[in-house]
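Heads up, the thing below is written out as structure tokens.
What follows is calculated from the coordinates using simple rules that are stated; it is not laboratory data. Fair warning: this is a prediction, and the values are worked out from it, not measured in the lab. Every residue, glycine among them, receives a Cβ derived from its backbone with ideal geometry; neighbour counts consider all protein chains shown.
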Amino acid sequence: MSALLEVRNLQVRVEEREILHGLSLTVNKGEVHAIMGPNGSGKSTLSHVIAGKPGYEVTGGEILFKGEDLLEMDPDERAAKGVFLAFQYPVEIPGVATMTFLRTALNAQRKARGESEYSTPDFLKKVREVAASLNIPQEMLRRGVNVGFSGGEKKRNEVLQMALFEPSLCILDEMDSGLDIDALRIAADGVNALRSSERAMVVITHYQRLLNYIVPDFVHVMSKGRVVKSGGKELALELEESGYAQFEDQAA
Amino acid sequence: MNLALVKPTMDGAASDVFAVARDRLPGKGPVAEVRQAAFDDFAQKGLPHRRVEEWKYTDLRVLLREVAPLAPPPDQAALDHAKKALASLDVNGAHRLVLVDGAFAPQLSDTASEAGVTVQTLRAMLENADIAARADLLRTSVASDAMISLNAAMATDGVVIDVAENAALGKPIHIVHVSTQSKAAAFTRSLVKVANGAHVTLIESFVAADGAAGYQAHDSVVLWAGDGADVQHIRLVEDARDAANIATAIVTLGERTQYRAFNLTSGSAVCRYQAFLRFDGQNAHADVNGVSLLNDRQHADTTLVLDHAVPHCTSNEVFRAVVDDQAHSVFQGRINVHPDAQKTDARMMTRALLLSDEAEADNKPELEIFADDVQCGHGATTGALDDSLLFYLRARGLPEKEAQALLIQAFVGEAMESIADETLREVAIATAERWLAARG
Ligand SMILES: Nc1ncnc2c1ncn2[C@@H]1O[C@H](COP(=O)(O)OP(=O)(O)OP(=O)(O)O)[C@@H](O)[C@H]1O
Ligand SMILES: [Mg+2]
């Protein structure tokens, strides 16, 4: 059985500078992986390359998703195939109502997969349920996408989309940053509700605290564009104690 | 000989246009005299070109080259043809007044009388010797402009609408211009008098009958809105893609008048919409918004001149242009605040979205302020779609064109907010959606 996500020896440049220097990562269905590592080590870069953000030059290696070459696909194709990135910094889109955006996106994904579009009542029912479970008031959904949302609300809106689109690979880039303790628990509950044997998660974070809520099967330490250590969930506790200094040397 | 005294002479073709048409133009005596004077003014100036300041970005000598010959009066075939074009209009349920190739078509119009409004044709009024001031129908107070003069000289027909005091019309008045003839020109002129306290929605549409190509639609609208009147004025220019549309609106607002205008241009190869708006009574408000959706080699120019002649009036202009391929958008907004127009609040914001490297947008905001206690502001931006927003949408599954379309709709949406009537706002949105869908 092939892995859900297979990153092999990935090398990535941004503006003539190599950021990822041969990174490898294998994620199987049903697994939860945590990626930790110092600022600037390339965690967001990895997530962007997987999602297909323009501006990154892949100079070596490959990414297979469900056995297919992910790098050959447009970002929207990746989304339709089940890749979802919850952004570290979700953007504001004035003038595009959140509801319109959610429906257009969901139906575009379904159309790309050859599935029928949701009817309006079915769609509304689904959004209301998910929003309620994440403590997102209906009023927020009438505003422009993320417009006037607090940092925490933006993150919850990312989890809302994840629940709505039901992707098979969820990458969460610092979902915990900017969330207060209650919001963190609610968002983590939302993520945990999506854990299933058919779905995998990659959770990028700086803090052990999130991993108390979303307990990972594997923890990877990134430093200077590589995975320098992998282990079980106890590795995160170890990092909390000792910091990243020990890995900086290994990566150099 | 003093060269500076030599007046630019008209090219022969344009003077032929008038000479040939003269006998067909309605109105004798004083009307014919006004026409002759107007034509002389046009003949002396010629088609506006880039050295005429107000036409700097829209050189009609290059873009239009010449004035096309007057379209023949519509025969039965033309009317049948026009009728088909009417079927595709988005605006329904309005009091429809149809002008085909510059002639009022009663067969295609709603002629049943409606309480609070009277409609006459310009032609009938110009020809009616009992109306002493009939020649005034062709005169305007606006500073001389070659195309306004040409329109006065050549106007064959139009509608003259009177809305009674305090009337609240049950449905909008919809003036529809249909062109059926190729390479011909129609000259129309309509006058709308909204009496004190009346509420009116006026819609103007410009469309082509199937197959009509390379024509010119020349139009003028003169609108007076009395004290306390509430006027919505919507224009939808969807002419054939190789046609020209040269239009002028002259608007005078009374005291406490609310005027909300929205102009949408998505058709024609060459388009100029010039609106001259004057505040004549205090405490009036005007929203003058517009959207241009342009691609291929389309050229569209929106030129607004607002005269705050009295104190305590407010105006807001929001203009958006979406420019693709090698198209060219022009926005000129001039706000004149007269010496005693204290407490004027005038704002103007124009933004252009360039969708291709060869697309072009010119913005020329001008404020001329002679009063000291006023608030005036303008802003202009030109830019491309935001890549980070595009990526966010694509990462959520929207294909490139759909992601662009959503952002473009949001971009133009703000300018459409001045359309108070929801059905009409949807008509404008639908027009934008059609344009976006046609981009493929
Ligand atoms: N567009 C860009 N242009 C130039 N450098 C970039 C660009 N994007 C990322 N980088 C650089 O790549 C490196 C990795 O950045 P990245 O955002 O992936 O780090 P990170 O691990 O997510 O850090 P953090 O924990 O602070 O979020 C940094 O040194 C950053 O400056
Ligand atoms: Mg990051």
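Quick one: work out the % antiparallel among DSSP beta bridges in region B:3-384, nearest 5.
About 5 percent, rounded to the nearest 5.
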Theoretical ellipticity at 222 nm over the protein assembly as shown - DSSP helices of four or more residues, -39500 (n - 2.57) apiece, nearest 500 | -8500 deg cm²/dmol
Once you have the Cα-Cα distance between A:D182 and A:R13, take 0.36 nm times their residue separation minus that, and quote the gain in nm to one decimal.
-> 57.0 nm
Antiparallel DSSP bridges in chain A: what percent, to the nearest 5?
-> 60 percent
Partner lysines for B:K171 [C-alpha distance under 25 Å; skip if fewer than 8 residues away on the same chain] | B:K83, B:K84, B:K193
Calculate, in whole percent, how much of the Cα-Cα pair population of region B:39-149 lies beyond 24 Å.
-> 51 percent
How much FRET efficiency would the formula 1/(1 + (r/R0)^6) give for A:S24 and A:E92, where r is the Cβ-Cβ distance and R0 is 35 Å, rounded to 0.05?
-> 0.50
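Counting only other chains, what is the mean number of Cβ atoms within 10 angstrom of the Cβ of each residue in peptide A:68-78?
3
Extension gain B:S141-B:K183, at 0.36 nm per residue separation less the Cα-Cα distance, in nm?
Gain on stretching B:S141 to B:K183: 12.0 nm.
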For every other residue with a beta carbon closer than 10 angstrom to the beta carbon of B:E414, add +1 if it is Lys or Arg and -1 if Asp or Glu, then tell me the sum.
-> +1
Can you run phi through the Karplus equation (6.51, -1.76, 1.60; θ = phi - 60°) for region A:178-188 and list ³J(HN,Hα) in whole Hz, with x for Gly and Pro?
-> x, 9, 6, 4, 5, 5, 4, 5, 5, 5, 5
Of the listed pairs A:K53/B:K401; A:K53/B:K364; A:K66/A:K154, which have alpha-carbon separations greater than 28 Å here?
-> A:K53/B:K364; A:K66/A:K154
So, over other residues within a Cβ distance under 9 Å of B:G197, counting Lys, Arg +1 and Asp, Glu -1, the net charge is -3
Counting only residues 5 or more places away or on other chains, whose amide H sits under 5 Å from the amide H of B:Q274 once H atoms are built in the peptide plane?
-> B:A247, B:T248, B:A249, B:T303
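Rounded if a/c is under 1.5, else prolate if a/b is larger than b/c, else oblate: which is region B:257-402, with a ≥ b ≥ c the root eigenvalues of its Cα gyration tensor?
It is prolate, given that a/c is not under 1.5 and a/b is the larger ratio.
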Candidate aspartates and glutamates - alpha carbon under 20 Å from A:K155, same-chain residues fewer than 8 apart omitted = A:E92, A:E129, A:E139, A:E166, A:D173, A:E174, A:D176, A:D180, A:D182, A:D189
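Would you mind giving the mean number of other chain beta-carbons within 10 Å of the Cβ of each residue in B:383-393, as a whole number?
So the per-residue partner count for this stretch is 5.
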Prolate/oblate/rounded call for region B:3-384, Cα gyration tensor, a/c under 1.5 rounded | rounded
With label points built 7 Å along Cα→Cβ from the Cα atoms of A:S2 and B:D162, find their separation and express it in nm.
-> 8.0 nm
When the Cα centres of region A:43-82 and region B:383-415 are compared, how far apart do they sit, in Å?
-> 20 Å
Charges only on Cβ, +1 for Lys and Arg, -1 for Asp and Glu: so what's the dipole of region B:3-384 about the Cα centre, in debye to the nearest 20?
-> 380 debye
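Grab the other residues whose beta carbon is less than 11 angstrom from that of A:R199, score K and R as +1, D and E as -1, and report the net.
-1
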With charges set only on the Cβ (+1 for Lys and Arg, -1 for Asp and Glu), what does the dipole of region A:5-251 come to about its Cα centre, in debye to the nearest 20?
-> 620 debye
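Could you give the size of the charge dipole of the protein assembly as shown about its Cα centre, using +1 on the Cβ of each K and R and -1 on the Cβ of each D and E, expressed in debye and rounded to the nearest 20?
It works out to roughly 640 debye.
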For region B:267-282, Karplus couplings with θ = phi - 60° (6.51, -1.76, 1.60), whole Hz, Gly/Pro x | x, 6, 7, 10, 9, 10, 10, 10, 10, 10, 10, 10, 8, 10, x, 6
Going highest first, how would you order A:31-40, B:240-249 by mean Cβ packing within 10 Å?
-> B:240-249, A:31-40
Starting at the first residue of region B:68-80, write each ³J(HN,Hα) from the Karplus equation 6.51 cos²θ - 1.76 cosθ + 1.60 with θ = phi - 60°, in whole Hz, x for Gly and Pro.
-> 6, x, 4, 5, x, x, x, 8, 4, 4, 5, 5, 4
By its C-alpha gyration tensor, with a ≥ b ≥ c as the square roots of the eigenvalues, how is region A:92-133 shaped: rounded for a/c under 1.5, else prolate for a/b larger than b/c, else oblate?
-> oblate
DSSP beta bridges in the protein assembly as shown, what fraction antiparallel, as a percent rounded to 5?
-> 15 percent
Express in whole angstrom the spacing between the alpha-carbon centres of region A:87-130 and region B:150-220.
-> 42 Å
Out of A:I35, A:T59, A:L5, whose Cα points farthest toward the positive end of the dipole of region A:5-251 (charges: +1 Lys, Arg; -1 Asp, Glu; placed on Cβ)?
-> A:L5
Amide H of A:Q88: which non-local residues (sequence gap of 5 or more, or other chain) have their own amide H closer than 5 Å, using H built in the peptide plane?
-> A:D173
Could you sort B:290-298, B:92-100 so that the peptide with the highest average Cβ count within 10 Å comes first and the rest follow in order?
-> B:290-298, B:92-100
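Averaged across the residues of B:397-406, what count of C-beta atoms belonging to other chains lies within 10 Å of each residue's C-beta?
6
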Ranked highest first by average number of other Cβ atoms within 10 Å, how do B:132-139, A:14-21 line up?
-> B:132-139, A:14-21
For region A:5-251, what does the equivalent ellipsoid look like in terms of its semi-axes, each the square root of 5 times an eigenvalue of the Cα gyration tensor, given largest first in whole Å?
-> 30, 21, 16
Around B:S205, which amide H atoms from residues at least 5 apart in sequence, or from another chain, sit under 5 Å from its own amide H, with H modelled in the peptide plane?
-> B:I175, B:V176, B:H177, B:L236
